[in-house]
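No lab work stands behind these numbers, since they all come straight from the coordinates. From a predicted model like this one, the values you see are computed outputs, not experimental measurements. For neighbour counting, all protein chains shown are included, and Cβ atoms are generated from backbone atoms with ideal geometry for every residue, glycine included.
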Amino acid sequence: MITPPRAVRIWAYPRPADLRKGYNGLYGLVQQGLGREPLSGELFLFVNRKKSSCKLLYWDGTGLCIFMKRLERGRFANIWRDDAVLELTASELSLFVEGCPLVGRQPLSPRPCDFGVALADPP
């Protein structure tokens, strides 16, 4: 498994996708379905209807990359609720791609810290 950097934002497309789509088709799903910029360096996850295959679209700074995985047994976890766009951590993505059934059922890793938020002065 190619492990993304911890700081990269990962977005899961909220509906089953036609995984026959290539670069241009997935690019369009990111722009229209997620409202995100495909060349932002963020990673985008797509899963087919049977949840047996997934594709990841990623801009590495020089070109678009597509990574695909098909599970030989079992299904990927159902992480989607109410057709809402979902953001995953790098740890959750790694576990999802490995076929872990716990992804989406309970928090598996802490969210990254936001150091841009000013902390309250101590009393």
Q. ³J(HN,Hα) across the stretch 73-78 via Karplus (A = 6.51, B = -1.76, C = 1.60, θ = phi - 60°), whole Hz, x for Gly/Pro?
A. 9, x, 9, 5, 4, 8
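Which order do peptides 9-15, 29-35, 62-68 fall in by mean Cβ count within 10 Å, highest first? Show your work: numbers first, answer last.
Details: 9-15: 17.9, 29-35: 15.0, 62-68: 11.7.
By packing density, highest mean first, the sequence is 9-15, 29-35, 62-68.
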Q) In sequence order, what are the phi-derived ³J(HN,Hα) couplings for the stretch 60-70 according to the Karplus relation 6.51 cos²θ - 1.76 cosθ + 1.60 with θ = phi - 60°, rounded to whole Hz, with x for glycine and proline? A) 9, x, 10, x, 7, 10, 10, 10, 10, 9, 10
Q: Using only the alpha carbons, work out the radius of gyration and Dmax of the stretch 1-105 in angstrom.
A: 12.5, 36
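Considering only the other residues whose Cβ falls under 11 Å of the Cβ of L45, what net charge follows from Lys and Arg at +1 and Asp and Glu at -1?
On the way: positive: K55, K69; negative: E42, E87, E92.
My count for the surroundings of L45 gives -1.
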